[in-house]
Amino acid sequence: MEQYVQGEPIFLKLNSIPKQYPYLTEDISTDVIIVGGGVTGAILSYYFSENNIQNVILEKNRIAHESTSITTSLLQYELDENLKALTSVTSLENGVLAYKLGVKALKEIEKFINKYGNNCEYSLKDTLLYTSNKIEIKEMKQEYELRLKNGFDVEYIDESNNPFSFDLKAGVYGKNGGSQLDPFKYTHELIEISQSKCGKVFENSEVTKVNYFEEYVEVETCYGHKVKGNIVIVATGYNTKVFTDRNFGTKTTTFNIATKPVSEFNGWKNRVLIRDNNDPYNYLRTTDDNRIIIGGEDISFIPGIFNEKKAEEKYSILENKLKNMFPNIKDIEVQYKYCGAFASTKDNMGFLGKDPNNEKLWYCLGYGANGILFSILGGGMLSKLYLGEEDKNLNLFKVDRF
Ligand SMILES: Cc1cc2nc3c(=O)[nH]c(=O)nc-3n(C[C@H](O)[C@H](O)[C@H](O)COP(=O)(O)OP(=O)(O)OC[C@H]3O[C@@H](n4cnc5c(N)ncnc54)[C@H](O)[C@@H]3O)c2cc1C
């Protein structure tokens, strides 16, 4: 079995499990079967429930224990690639549209928090994309101008007005360009809300087979019980084999370390979300309880093989990088180290929508660095699609677009 998460998942360490859910002990029927109980499955269940559509989540293990337990949860409208770089794989219009949809998804989270309260350590954040490399100054400036021209609230910074303690030759500072949250708390909260409406959840209920009929679709679970529905939505993250042979993305392993709470954030203006312009890039955030998470150093993901020594090397590189960036933060001490699979696509966008060959098989796969935001867009657009309203923006995320 492929293992996608290694080490000590920070969000499982920081949280206690608020609720355990039953496993499936009988055959049942619903409208929408959601397979996968990570943040994506929870988001889907929330949106379908808000639209009064009956739905059932089937999770093979425990809720939010896979990728969702380690996602850094940097929620930014920008994709892994800069707008300019995206034009090598898609049109500028599509790139700008994807960025704008990112802004829309950020607003959706804000709306959710305003409606249900902030129970998941959510906060709105400014963002920084920067380079310490002189030869990339022109690229940064171009990126800034392109975003400004397309209506994004950005500022250009360089060595002359660098408010950070690290070497910055040029950067794009995005005002309210992102947010952050605790993905474990967020997932459980979404599920609790769905359950109070028309969502149901079963843990330890792995889907092992799917059968399609003229009028309905049926999934079989590991203990033999079946769920019948009108459609099945694949929200299984990086593991889609039960449903399709399609190869959706290129998998890498990305590494993270998280510190103990630090006493100050000297040299880190506004505790913004940070991403550098390297390939692979490094990304950083802080937490509500004053920790720092830094990630990156990605390498190819090899199924079934985990190289402990390599992982330790990567964690050390991240620790040194962090200490070099913030020499004024004196009490940096690493507490958690972990890594996990991560899938990217050519245009950095996930897959949302119907299988081109099967009306009853739908996908919500938040691949790329904006996985959670794509899932939010998926929740909104797929629940409307189920009700007969097709959002033209779904075209950007089409399963067979390559
Ligand atoms: C280190 C790291 C950092 C990341 N940082 C970010 C970030 O900053 N921002 C961002 O948006 N994204 C980030 N990502 C990507 C991120 O993890 C995803 O966006 C998000 O967590 C994916 O959630 P998910 O629910 O799609 O997947 P998962 O959390 O993996 O959930 C899928 C679930 O499906 C279940 N499942 C699989 N097969 C079956 C089956 N047959 N039957 C039943 N259940 C099944 C699994 O057990 C699992 O619980 C990061 C990823 C990693 C590894």
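The values are calculated or read from the model by the stated rules, or taken from the named source; none is laboratory data. For clarity, every value in this text was computed on a predicted model and none was experimentally measured. A quick note on method: Cβ atoms are made from the backbone with ideal geometry, for glycine too, and the neighbour counts reach across all protein chains shown. We work out accessible area using only protein heavy atoms, side chains counted, and drop any ligands, DNA or RNA first. Shrake-Rupley method; radii C 1.70, N 1.55, O 1.52, S 1.80 Å.
Tell me which residues come under 5 Å, amide H to amide H, from residue 176 once H is placed; ignore anything under 5 positions away on its chain.
Amide H to amide H, under 5 Å and 5 or more residues apart or across chains, residue 176 pairs with 126, 127.
Kindly provide the trypsin sites (Lys or Arg not before Pro) of the range 173-259 that DSSP labels as loop, not H, G, I, E or B, and whose Cβ sees at most 11 other Cβ atoms within 10 Å.
When the trypsin sites (Lys or Arg not before Pro) of the range 173-259 are filtered for loop state and at most 11 Cβ neighbours within 10 Å, 241 remain.
Just to be sure I understand: with springs between alpha-carbon atoms less than 10 Å apart, which residue in 75, 382, 168 has the highest mean-square fluctuation in the Gaussian network model of the chain?
Of 75, 382, 168, the Gaussian network model singles out 168 as fluctuating most.
When we measure straight from the Cα of residue 228, which aspartates and glutamates land under 13 angstrom away, once same-chain ones fewer than 8 places off are left out?
Within the straight-line cut-off, residue 228 pairs with 26, 27, 31, 214, 215, 218, 220.
Would you be so kind as to identify which of 211, 178, 191 lies farthest towards the positive end of the dipole of the range 175-214, taking Lys and Arg as +1 and Asp and Glu as -1 on Cβ and the Cα centre as origin?
After comparing all options, I get 178.
Under the Karplus relation 6.51 cos²θ - 1.76 cosθ + 1.60, θ = phi - 60°, what is the ordered set of whole-Hz ³J(HN,Hα) values for the range 337-345, x standing for Gly and Pro?
10, 7, 8, x, 6, 8, 10, 10, 10
Return the loop-located trypsin sites (Lys or Arg not before Pro) in the range 1-99 (DSSP other than H, G, I, E, B) with at most 11 other Cβ atoms within 10 Å of their own Cβ; answer none if there are none. Don't jump to the answer; show the numbers that get you there.
Values: sites: 13, 19, 60, 62, 84; in loops: 19, 60, 62.
The qualifying sites are 19.
Select from 392, 323, 384 the residue whose mean-square fluctuation is largest in a Gaussian network model of the chain (Cα-Cα springs shorter than 10 Å).
392
What net charge do the residues around residue 133 carry, taking every other residue with its C-beta under 12 Å from that of residue 133, with Lys and Arg at +1 and Asp and Glu at -1? Don't skip to the end; give the middle numbers.
On the way: positive: 134, 138, 169; negative: 136, 139, 167, 276, 279.
Taking every other residue near residue 133 into account, the sum is -2.
If amide H atoms are built 1.01 Å from N in the plane of the peptide, which residues on other chains or at least 5 residues away come under 5 Å of the amide H of residue 367?
So residue 367 has HN proximity to 350, 351.
Taking a probe of 1.4 Å, how large is the accessible area per residue of the range 76-153, in Å²?
Values: 3860 Å² over 78 residues.
Per residue, the range 76-153 has an accessible area of 50 Å².
Of the candidates 225, 65, 188, which one comes out as most mobile in a Gaussian network treatment of the chain with C-alpha springs shorter than 10 Å?
225
In square angstrom, what is the accessible area per residue of the range 161-282 with a 1.4 angstrom probe?
I get 40 Å² per residue for this part.
Going down the list 149/384; 104/149; 115/384; 84/354, which pairs span over 22 Å between their C-alpha atoms? Present the calculation step by step, with values, prior to reporting the outcome.
Values: 149/384 32 Å; 104/149 18 Å; 115/384 20 Å; 84/354 30 Å.
As for pairs spanning more than 22 Å Cα to Cα, those are 149/384; 84/354.
If the chain between residue 260 and residue 391 were fully stretched, how many nm would it gain, using 0.36 nm times the residue separation less the Cα-Cα distance?
42.8 nm
What does the charge count around residue 100 come to, taking other residues whose C-beta lies under 12 Å from its C-beta (Lys +1, Arg +1, Asp -1, Glu -1)?
Details: positive: 104, 107, 147; negative: 78, 93.
Here the count lands on +1.
Please list 3J(HN,Hα) in residue order for the range 158-165, calculated via the Karplus relation 6.51 cos²θ - 1.76 cosθ + 1.60 where θ = phi - 60°; whole Hz, with x for glycine and proline.
Going residue by residue, I get 8, 4, 6, 9, 6, x, 9, 8 Hz, with x marking Gly and Pro.
Under 13 Å from the Cβ of residue 50, count the other residues' Cβ atoms, weight Lys and Arg +1, Asp and Glu -1, and hand me the total.
Residues near residue 50 contribute +3 overall.
How far is helix 183-195 tilted off the main Cα axis of the chain, in degrees rounded to 10, range 0 to 90?
With both axes taken from Cα atoms, the answer is about 30 degrees.
Output wanted: per-residue J couplings in Hz (rounded whole) for the range 206-222, from phi through Karplus 6.51 cos²θ - 1.76 cosθ + 1.60, θ = phi - 60°, x for Gly and Pro.
5, 7, 10, 7, 10, 10, 9, 10, 3, 9, 7, 10, 9, 10, 9, 10, 4
I'd like the carbon and sulfur percentage of the solvent accessible area for the chain, probe radius 1.4 Å, heavy atoms only, ligands and nucleic acids excluded.
Working: 7660 of 17130 Å².
On the chain, the fraction of accessible area on carbon and sulfur atoms equals 45 percent.
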